[in-house]
Every structure is written in structure tokens, then in C-alpha cells.
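Peer 1: The structure is given below, and queries will be raised subsequently.
Computed from the coordinates by the stated procedures, all read-outs in this text should not be read as laboratory data. Keep in mind that this is a model prediction, so the values were computed, not measured. Cβ sites come from the backbone with ideal geometry, for glycine too, and all protein chains shown count toward neighbours.
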Amino acid sequence: MLEHRVTEPPIVTSGGQSAHFSRRGKLQQRSLMQHLLKTANSFTSTELLGRAPGLTVGRVLYRADRSSSNRDKKLIKIRDAPRLKRRSSAVSVSEPGFEFSAFAKSMDVLNIPTECEKSWYLALMAPNVKGSHYAWLDPSRLYCNQQAFKDCVEDLVQPFQNDTIDIIAGIDAMGFILGAAIAHRLGKGFLTIRKEGHSCVETKRKNYSDYTGQEKVMEMRTDVVKKDLRILLVDQWIETGGTMEAAIALIEEQGGTIAGIAAICIEDSKGGKRIKEKYKCSTCVPDHLQPQFNNKYLESFKAFKTKFPDMQNKSE
Ligand SMILES: O=P(O)(O)OC[C@H]1O[C@H](OP(=O)(O)OP(=O)(O)O)[C@H](O)[C@@H]1O
Ligand SMILES: Nc1ncnc2[nH]cnc12
């Protein structure tokens, strides 16, 4: 069984040839790289930040020792390291007073890193290469990785751990995946909020429009939500907030109380901000990544090979 340890986010340095490890003495970058490559047979995990013609960007997680503060942690990009690129697993090196992990291939969807920063699993997400008819990003890729899925659910549940919650509600369709997992984790029941036309029982309906701009209808059964029932409302994503606000209205109009809202990402849209101000929310996106999510393009997408050149070059 692999030990899987989530660390606090390290400080990210600017990448490039100049990255080195001499701040605390001992190893210069060159000798460290030689050391990493020599001792590369016992490694267990990988991460590749990006690839461009003639360039490989990997990451080295530098920690002075296990008990060190964030100040002593550095994430350093290694450029032009073709041998690292060919490695299929991570490299761990221990020097007296030093601990290094180098990663070369995180985009393997089933890979479970032995050591990783908080929200590491977001790098498993895939970009949208098919246009605006589809949701902009594809978080479902991270659900395929057992550890990523577990860590994601834990992160979403964490702020509500000690709150009174009677039931979890999830929004059709992708909200069912996280919602049901959260319900199971908290030992609660699960209420489905459905897109129109799938319910054979009495429902309340709500018109709304979402990021596509289309007029849509959602439905919720009328025999569950009673006055003061405390509901944790879950969806995969909040972009314009149209979908979530419709679900909130359905619940509140029946007397239910929104105990909280959980989604992988709540974008800083008008609707997203309104929801964050009014309700207790949990998301998986750390502050420093929020601008990338708002722009619908993550740095980690550079590691994807795609036949769609527009997407590959989007942020370059
Ligand atoms: O904040 P909004 O602009 O309203 O968008 C958010 C909604 O869009 C996505 O669902 P979508 O209906 O695209 O797909 P799904 O059926 O696969 O969940 C997402 O899962 C949210 O439900
Ligand atoms: N999965 C998703 N990714 C990005 N934006 C979205 N908006 C709605 N769903 C989304």
C-alpha cells in the first residue's frame, strides 16, 4: 500500500535554468540533477508540468526536512531535462538535512503520487477541446483516480464536518457524482435535483439559464424538503451561477435551509460572487489557482498532447 501524503502548498519559484538549491548550502542544481537521475530506480510517483518544443518542465519539491515551515519548501521547475521526461515515476533523494521529490509524469490519470500538495488532483483535469457547447473544463477525469476522488471529496466535506446537515442535494448530472459521494461520506441521504422530464412524481419546476445562455428547466420532488430541513447543495461547478441559484430557489421556496454549497470550483462571476457572499461554500480551488480557473485555462493543460493546436497554444 502506498503512503499518500498531502502537504501544504509549497512556494513556487520562477522556473528556468537558474533554479538551484544552494540556498541551504550543499547541492547545486547540476549535481542535484545528476543525483536525482542516478538514484531514480526507487521512485514511486511523477509530475510533469508542461512540454513545449525542445522543452520539458518538471517539478522538484524541495523540503529542508519534514518539520520545516512553508518558508523552507520550494517548488522548482527544471527545464531541458529530457531524461526526466522519459521516467515514468517520481524520484526521491535524501541528503542529510534535505528531502527531494522530482516528478516527471503526473498526467497519467491513474497515478497516485506518494507526496503532493493540497488540491494536487486538479492537475488531472482535462481541457475542453470541443467548444462552447460543452462545459469548459472536464473535472470528470479526476474522478477516475481513486485517491484524487477521495481527496477531492474530503476537501469539499471538511468545512462542514461539524455542521448540522440533514440531507445532501445534488444537481443533475455531474453534481450527482460528488453529491452522492459526499452523502455517503457524511452518512446522509441524497436528494436529486433533475433536469426537466425525468421525474415521474410530483415536482416543483424552475426556469433558469446557464453558461450556454439557453433557457432550461430543473425539477425537484415535493415530498422531501420541509421547513428548516438543512441541506448541503452540491454541484460539480458554478460558472454563471444560474444553475445553482435555481436549485437554491427550489429549496428555499419549499422552506428548506441551505446549510452550505459545495462545488469543485465557484468562478468569480457575478453569480458566483453572490453565492459566495450569501452562503457558506466549499471549493477545491486554492486562491492562487482561482484566476486560472476563472480564465478556464490551467497551466497544467500544457502537459496535454492534443490534436487541437489552438488549445495547445492558448496561453502562450
Ligand atoms: O453556473 P452555470 O453557468 O449555471 O453552470 C454550471 C452548471 O454547468 C454544468 O452542468 P451542465 O448542465 O453543463 O452539464 P452536466 O449535465 O454534465 O452536469 C455544471 O455541472 C453545473 O451544473
Ligand atoms: N465543468 C465546467 N468547467 C468549466 N466551466 C464550467 N461551467 C459549467 N461547467 C463547467
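Peer 1: Cα centroids of the range 152-216 and the range 243-270: how far apart, whole angstrom?
Peer 2: What the calculation gives is 9 Å, centre to centre.
Peer 1: With the crude spin-label approximation of a point 7 Å out along Cα→Cβ, what separation in nm comes out for ASN207 versus THR222?
Peer 2: Distance between the two pseudo-spin positions: 2.0 nm.
Peer 1: Would you mind computing, in nm to one decimal, how far apart the modelled labels at ASN162 and LYS130 are, each placed 7 Å from Cα along Cα→Cβ?
Peer 2: Using points 7 Å along Cα→Cβ, the separation is 4.4 nm.
Peer 1: Separate question: Binned at 5 Å from 0, what are the whole-percent values of the Cα-Cα distance distribution for the range 103-190, short to long?
Peer 2: 3, 12, 21, 20, 18, 14, 8, 3, 0
Peer 1: For q = 0.09, 0.13, 0.16, 0.17 Å⁻¹, what log10 I(q)/I(0) does the range 180-316 give under the Debye formula with an equal point scatterer on each alpha carbon and no solvent?
Peer 2: Treating every Cα as an identical point scatterer, log10 I(q)/I(0) equals -0.34, -0.66, -0.91, -0.99.
Peer 1: By average Cβ neighbour count within 10 Å, what is the ranking of 226-237, 202-213 from highest down?
Peer 2: Values: 226-237: 19.9, 202-213: 14.8.
Top to bottom by mean Cβ count within 10 Å: 226-237, 202-213.
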